[in-house]
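Q: Right, I'll just put the structure down here and ask away after.
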Amino acid sequence: QVQLVESGGGLVQAGGSLRLSCAASGNIFRVNAMDWYRQAPGKQRELVATITSSGSTNYADSVKGRFTISRDNAKNTVYLQMNSLKPEDTADYYCHAAVLVYTTSRPHDYWGQGTQVTVSS
């Protein structure tokens, strides 16, 4: 019923920047909080940043001051601006959203397909 499509990943040098996008589409009544997670090989999936429907944000300590999460509610899209990238930021990045669709009375969790971010030194 809902699809999250990610884009913007790639290979960059340390100190560089990338901007990830994730657009939700489908039978959407309301999109609640939207989040970015990442998972590196051999590690647990980590919450990187979250943003509420009203724009309040939270960040993992490891990215605070370097990453910025934002959203465009008219487009049902969340962004992650990543600056001053470090090799340890290398991971698969996944967007997540809790979405209320017209045919249900409670939100459901949806995930993007993942996008690879590789930071070289």
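The values are calculated or read from the model by the stated rules, or taken from the named source; none is laboratory data. Bear in mind that the values here come from a model prediction, so they are computed numbers and not experimental data. Note that each Cβ is placed from the backbone with ideal geometry, even for glycine, and that neighbours are counted across all protein chains shown. Please note that ligands, DNA and RNA were not included when accessible areas were found on the heavy atoms of the full protein model with its side chains. Shrake-Rupley method; radii C 1.70, N 1.55, O 1.52, S 1.80 Å.
Q: Here is a check on your reading of the model: is Ala23 open to solvent by 30 Å² or more (accessible area, probe 1.4 Å), under 21 Å from Tyr102 (Cβ atoms) and assigned to a strand (DSSP E or B)? Break it down stepwise before answering.
A: Working: open to solvent by 30 Å² or more (accessible area, probe 1.4 Å): yes; under 21 Å from Tyr102 (Cβ atoms): yes; assigned to a strand (DSSP E or B): yes.
Judged against the criteria, Ala23 is a match.
Q: Restricting attention to the range 63-86, and to residues there that are of a type in the set (A, V, I, L, M) and assigned to a loop (DSSP other than H, G, I, E, B), which single residue is farthest from Val12 (Cα to Cα)? Break it down stepwise before answering.
A: Residues of the range 63-86 of a type in the set (A, V, I, L, M): 63, 69, 74, 78, 80, 82, 85.
Pick out the ones that are also assigned to a loop (DSSP other than H, G, I, E, B) and you get 63, 74, 85.
Working: Val63: 17, Ala74: 30, Leu85: 8 Å.
Of everything passing the filter in the range 63-86, Ala74 is farthest from Val12 (Cα to Cα).
Q: Between a first residue in the range 44-67 that is under 15 Å from Met82 (Cα atoms) and a second residue that is assigned to a loop (DSSP other than H, G, I, E, B) and of a type in the set (Ser, Thr, Tyr), which pairs have beta carbons less than 8 Å apart while being 6 or more apart in sequence or on different chains?
A: Arg66/Ser84
Q: Could you count how many residues in the range 68-121 are small (Gly, Ala, Ser) and surrounded by 13 or more Cβ atoms within 10 Å (Cβ to Cβ)?
A: Residues meeting the conditions: 7.
Q: Read through the list (1) of a type outside the set (A, V, I, L, M, F, W, C); (2) over 20 Å from Asn58 (Cα atoms); (3) in contact with an Asp or Glu (Cβ under 9 Å, 6 or more places away or on another chain), then give the number of the only condition that Pro87 fails.
A: Every listed condition holds for Pro87 apart from (3).
Q: So, in the range 33-42, of the ones that are in contact (Cβ under 8 Å) with a residue 24 or more places away in the chain and open to solvent by 40 Å² or more (accessible area, probe 1.4 Å), which residue ends up nearest to Gln81 (Cα to Cα)?
A: Among those residues, the one meeting the criterion is Tyr37.
Rundown of residues vs (1) farther than 16 Å from Val119 by Cβ; (2) of a type in the set (D, E, K, R); (3) in a strand (DSSP E or B), yes/no style:
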position	(1), (2), (3)
Gln3	yes, no, yes
Gly15	no, no, no
Pro41	no, no, no
Ala49	yes, no, yes
Asp61	yes, yes, no
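Q: Got a sec? Which of Ile28, Ile51 is surrounded by 13 or more Cβ atoms within 10 Å (Cβ to Cβ), within 30 Å of Ser105 (Cβ to Cβ) and over 15 Å from the mean Cα position of the chain (by Cα)? Give the steps one after another, and end with the answer.
A: Details: Ile51 fails: over 15 Å from the mean Cα position of the chain (by Cα).
It is Ile28.
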